[in-house]
Amino acid sequence: LQSKLPAVGTTIFTVMSKLAAETGAINLSQGFPGFDCSPELVSLVERYLRKGFNQYAPMTGVPALREALAQKALEQYAVAYDPDSEVTVTSGATEALFAAITAVVRPGDEVIVFEPAYDSYVPAIELNGGIPVFVTLTPSEVDSSIANASDYTIDWQEVSHKITDKTRLILVNTPHNPTGRVWTADDIQQLADLVHDRDIWVVSDEVYEHILFDGRVHHSLMTHPTLQERTFVVGSFGKTFHITGWKVGYCLAPKALTTEFRKIHQYLTFSTVTPIQYALADYLQNPGHYRQLPDFYQRKRDLFLDGLRQSRFRFNPAEGSFFQTVSYADITDEPDYELAVRLTKEIGVASIPVSVFYKQKNDYRVLRFCFAKDDAILREAAERLSHL
Ligand code: PMP
Ligand code: GLN
């Protein structure tokens, strides 16, 4: 069989998690919480399982959950989505991303992708015959001319130069995996200015919308009217409620976009796990369940970084997400993949080499660590890394 994705192998998340398991290393590679979700949420799922909510959910999602999601968008971002025609529940954000990209991209269409990019974007574009056009974001230590020495700042002039008549879609991810960078209000305005008079759609991956630090606020693309009308906003409960294994996500988009999105969704998965949707609808009624996330994860970020301050790693604290990138340029010249494998085997700490999120080959010497772990684990990992 001739591969449709010849450049694709097993994802780095699977590779590094497997190596961590085999070697008994602390696994700060694949992004998932090292602690359980709330017992209240488990009880709710159990209740709906026992009540017999065990057959297909409606294709678009359980009405109560769509209503809860629309209510959340209204309360949090003051944007009204119609739960019947503009909110769709999906089997994880991964499915929503694939369906949104498939709804828009035709063979030969160009798609602007900021790299480093989450690994599912480019295969989804390519399977639809699209052409990814990369805007490369760099860590500050390789480009000291970047304003404020801030990592991974977007050069909007470059974005503007890369837009052509063939550009059909722009992919956005804020807070960003793997860099932890968060879009500012200015980034949102710059994007709006670029697309407002063009036939360009936007997919905005906002799965870390509730995980921001140092008082930052999440600028959802839905809050800008020019963007709202052309954007598929994608979210996931996996990050928000510590349930990455349940694979429930969603897409909010204006009616015309949702209509096309659902045509794909109904033949990808048709619908998403029923009892969990009912449980999530109830659990969402209390916003306290996600409002405590910034404090919860900021403590963990700071604990990990305090441990790393004695080390020779350099870093700018993550602005959001549960990932911290660090530069090891002062420690070794090894390529990042080799270093990540070596550190897993030799000191028992697994990470993700950030070069895998770039199409363009580079030697930025950056590793990504997931700090969604118990405090004792983070302390131990930082201690081991400090001796390098
Ligand atoms: N987008 C980003 C940026 C992610 O980090 C992840 C997974 N961690 C996903 C999408 C996929 O989310 P889900 O597990 O809900 O499919
Ligand atoms: N999103 C998670 C990460 O970035 C991994 C998800 C996956 O394993 N596909 O680590």
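Every number here is computed from the coordinates shown, using simple stated rules; none is lab data. Just so you know, these numbers come straight off a predicted model, no measurement behind them. In this analysis, Cβ positions are derived from the backbone assuming ideal geometry, glycine residues included, and neighbour counts consider all displayed protein chains.
Here are a few things to note about the model shown:
- Potential extension, residue 136-residue 85 segment - 0.36 nm per residue separation minus Cα distance: 14.8 nm
- About its Cα centre, the dipole of the range 204-291 is roughly 160 debye, where the only charges are +1 on Lys and Arg Cβ and -1 on Asp and Glu Cβ.
- For the range 217-222, 3J(HN,Hα) computed residue by residue from phi via the Karplus equation (6.51, -1.76, 1.60; θ = phi - 60°) reads 10, 7, 8, 5, 5, 5 Hz, glycine and proline entered as x.
- From its DSSP helices (H runs of at least four residues, each -39,500 (n - 2.57)), the chain gives a residue-normalised ellipticity at 222 nm of -11500 deg cm²/dmol.
- The tail of the calculated P(r) for the chain, taken as Cα-Cα distances beyond 32 Å, holds 33 percent of the pairs.
- Taken along the Cα-to-beta-carbon direction at a fixed 7 Å, the label points for residue 310 and residue 229 span 5.8 nm.
- Förster radius 41 Å - calculated FRET efficiency between residue 376 and residue 10, Cβ distance, rounded to 0.05: 0.85
- In the elastic network of the chain, a GNM with C-alpha springs shorter than 10 Å, the most mobile of 49, 378, 97 is 49.
- Comparing 241, 323, 53 in a Gaussian network model of the chain where C-alpha atoms under 10 Å apart are linked, the largest mean-square fluctuation is found at 53.
- Given charges at beta-carbon only (K, R positive; D, E negative), |dipole| of the chain in Debye: 900 debye
- The string of couplings for the range 23-36 from the Karplus curve (6.51, -1.76, 1.60, θ = phi - 60°) is 9, x, 6, 5, 9, 9, 8, 4, x, 7, x, x, 9, 7 Hz, one whole number per residue in order, with x for Gly and Pro.
- Relative contact order of the range 41-288, pairs being alpha-carbon contacts under 8 Å that are 6 or more residues apart, as %: 31 percent
- Of 230, 198, 66, the one that fluctuates the most in a GNM where the chain has Cα springs shorter than 10 Å: 198
- Table column - 3J(HN,Hα) (Hz), the range 323-328, Karplus curve with 6.51, -1.76, 1.60, x for Gly and Pro: 10, 10, 9, 9, 8, 10
- Positive-end residue of 130, 59, 188, charge dipole of the chain with Cβ unit charges: 59
- Alpha-carbon centroids, the range 88-135 and the range 152-182: separation in whole Å: 13 Å
- Nearest-0.05 FRET efficiency for residue 302 and residue 186, computed from C-beta distance (R0 25 Å): 0.40
- Between residue 51 and residue 266, the FRET efficiency from the beta-carbon distance, with R0 = 35 Å, is close to 0.85.
- Averaging Cα coordinates gives a centre for the range 22-43 and one for the range 334-359; these two points are 20 Å apart.
- Of all DSSP bridge pairs formed entirely within the chain, close to 45 percent run antiparallel.
- For residue 42 and residue 78, the difference between the fully extended length at 0.36 nm per residue and the C-alpha to C-alpha distance is 9.9 nm.
- Amide H contacts of residue 26: 349, 350, each under 5 Å away and 5 or more positions distant or on a separate chain (H built 1.01 Å from N in the peptide plane; Pro and chain starts excluded).
- Here the label points at residue 289 and residue 255, each 7 Å from Cα along the C-beta direction, are separated by 3.0 nm in the simple model.
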